Amino acid sequence: MRLALLLSVIATIGCDRVTKHIATVALSGAPGRSYAADTIRLEYVENPGGFLSLGDSLPRGARTALFTGGTGLMLLMLLGAAVRFRWHGWLLLGTGLVLAGGASNWVDRVFRGRVVDFINVGVGPLRTGIFNVADVAIMLGAAILLLASSIADGPSTGQP
């Protein structure tokens, strides 16, 4: 199980790095592209902020402290908790996905000061923000962690 998890983390990081490189080469400076009746749009964006560009208007030093230092610290704390409490199964899978996506975006922040985003999905005016493969891993990992935690807690009796 742990070998499979390690391989999936490496594959997630590798997939994110490769797709960001392709997006940089193919989409940077070019008009956006639309596929599947405009359900999927590919558009190159460099995001200096966090999720949905939150904090992108902060001064550079504050962004660096928050999104590089703070994210790095949170990733280390999450890894430490997984090791300390010997998480396994679904908790470990969710943690692995969050760590893989978070680490790949963190590398962008360390070396570029911003994260490359390029995917947007939706129908008509109902659209997501622009994101990348690492963001998908983080969101999927967070959903797995929430589900695994709620299953571990068991059904609620409604009693305090």
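Since every read-out is calculated from the coordinates, none of them should be taken as a lab result. This structure is a prediction, so every number in the text was calculated from the model and none was measured. Glycine also receives a Cβ, built like all others from the backbone with ideal geometry; neighbour counts cover every protein chain displayed.
Can you tell me which residues in segment 51-67 are in a helix (DSSP H, G or I) and closer than 17 Å to ARG112 by Cβ? Of everything in segment 51-67, those that are in a helix (DSSP H, G or I) and closer than 17 Å to ARG112 by Cβ turn out to be SER53, ARG60, GLY61, ARG63, THR64, ALA65, LEU66, PHE67. The residue of segment 33-60 that is surrounded by the most Cβ atoms within 10 Å (Cβ to Cβ), among those that are over 21 Å from SER104 (Cα atoms) and not aliphatic (A, V, I, L, M), is ARG41.
Filter segment 74-104 for residues that are under 15 Å from ILE144 (Cα atoms) and among the β-branched types (Val, Ile, Thr) and give the result. Those that are under 15 Å from ILE144 (Cα atoms) and among the β-branched types (Val, Ile, Thr): THR95, VAL98. Close contacts from segment 101-113, counting a first residue that is within 16 Å of VAL45 (Cα to Cα) and a second that is not in a helix (DSSP H, G or I), with Cβ to Cβ under 6 Å and a gap of 6+ residues or different chains, come to ASN105/VAL115; ASP108/VAL115.
The sole residue among ALA30, ALA11 that is more than 17 Å from GLY141 (Cα to Cα), surrounded by fewer than 15 Cβ atoms within 10 Å (Cβ to Cβ) and not polar (S, T, N, Q) is ALA30. Hey, among GLY80, GLY102, GLY129, which residue is assigned to a helix (DSSP H, G or I), small (Gly, Ala, Ser) and touching a helix residue (DSSP H, G or I) at 6+ places or on another chain (Cβ under 9 Å)? Only one candidate qualifies: GLY102.
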